[in-house]
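All remarks here apply to the structure that follows.
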Amino acid sequence: MASDVIDAPVVLAPAGMDEIPLMARFYTAMCAAHGDDFPEPAAAAKIGRMLTAPGQQAVLFWRGEVAVAYLMWADLGDHLFVRNYCVAEGLRGQGLGRALFERWRATTDGRPVRLETSVEPAFRFWQALGFSEWSTGLRTDAQDASKEIP
C-alpha cells in the first residue's frame, strides 16, 4: 500500500479549523511513536491554539479520501518556521515524507525554513533533507527560575 500512496497523485490542500480532529490524530500518533502520551483532546486544543495565532498555516496531503500527512508552519515574514510535520505511521521510512515536504517547499518562494526538534529520528530526517543545526535550545522549569544564584 505504501508504494501505491507514493506513486498515486497526492493533493496538497489548506487545512483549517474543521481539520483539527484529523491533525490531532496525526499528532497523537506521532507523539506515541516517540514514546510520548499526548491524548487527542489535548492535541486538538494545542493545534487549535496554534492554528488561530497570527501567521499560522497548515496543509493536509490527500491521496483520494485518505490524508497521508499534514504540515503546520508559522509565516514569520523573512522565514517560515515548521511547527509540526506528521506522516501517517504506516507510510514512514519510504520516501513519502521527503517527497511531500519537497512538494510543499516548492510553494514557499524559496524563503528559509527553520524548525526545532529534540527527537532523534526526526533530527536525522531533517538532516537528510539538508537542514543543519542553527541554535541550541535552553529551558528551565518555573520553580527552578525562582532559585537564587549564590
**Prompt:** Roughly speaking, what is the stretch gain from THR52 to LEU115, that is 0.36 nm per residue apart minus the C-alpha to C-alpha distance, in nm to one decimal?
**Reply:** 20.8 nm
**Request:** Could I have the simple spin-label model distance between GLU102 and GLU65, label points 7 Å from Cα toward Cβ, reported in nm to one decimal?
**Result:** 3.1 nm
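What is the ratio of the Cα radius of gyration of region 1-94 to 2.2 N^0.38 Å, where N is its residue count, to two decimals?
Working: Rg = 13.4 Å, N = 94, 2.2 N^0.38 = 12.4 Å.
My calculation over the Cα atoms of region 1-94 gives 1.08.
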**Request:** Give the accessible area for HIS34 in Å² (nearest 10); use a 1.4 Å probe, count only protein heavy atoms, and leave out ligands, DNA and RNA.
**Result:** 70 Å²
**For q = 0.21 Å⁻¹, Debye-computed log10 I/I(0) when each Cα of region 47-123 counts as one equal scatterer** = -1.07
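As an exercise, use a Förster radius of 25 Å and the Cβ-Cβ distance of MET17 and GLU133 to find the FRET efficiency, rounded to the nearest 0.05. Provide the component values of the computation, followed by the final result.
Numbers: r = 34 Å, r/R0 = 1.37.
Step by step, r from the Cβ atoms, then E = 0.15.
Net charge near PHE81: determine it from the other residues with C-beta under 10 Å of the C-beta of PHE81, scoring Lys and Arg +1 and Asp and Glu -1. Display every interim value, and only then the final one.
Working: positive: ARG83, ARG114; negative: ASP75, GLU116.
Net of charged neighbours comes to 0.
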**Ranking by accessible area, most exposed first, for TRP126, TRP104 with a 1.4 Å probe** = TRP126, TRP104
**Asked** Taking Cα pairs under 8 Å and at least six residues apart, what relative contact order does region 1-95 come out at, in percent?
**Response** 28 percent
**Request:** Please report, largest first and rounded to whole Å, the three semi-axes of the ellipsoid equivalent to region 17-63, where each semi-axis is the square root of five times an eigenvalue of the C-alpha gyration tensor.
**Result:** 18, 13, 9
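The values are calculated or read from the model by the stated rules, or taken from the named source; none is laboratory data. Since the model is a prediction, treat every value here as computed from it, not as a measurement. A quick note on method: Cβ atoms are made from the backbone with ideal geometry, for glycine too, and the neighbour counts reach across all protein chains shown. Only protein heavy atoms, including side chains, enter the accessible area calculation; ligands, DNA and RNA are left aside. Shrake-Rupley method; radii C 1.70, N 1.55, O 1.52, S 1.80 Å.
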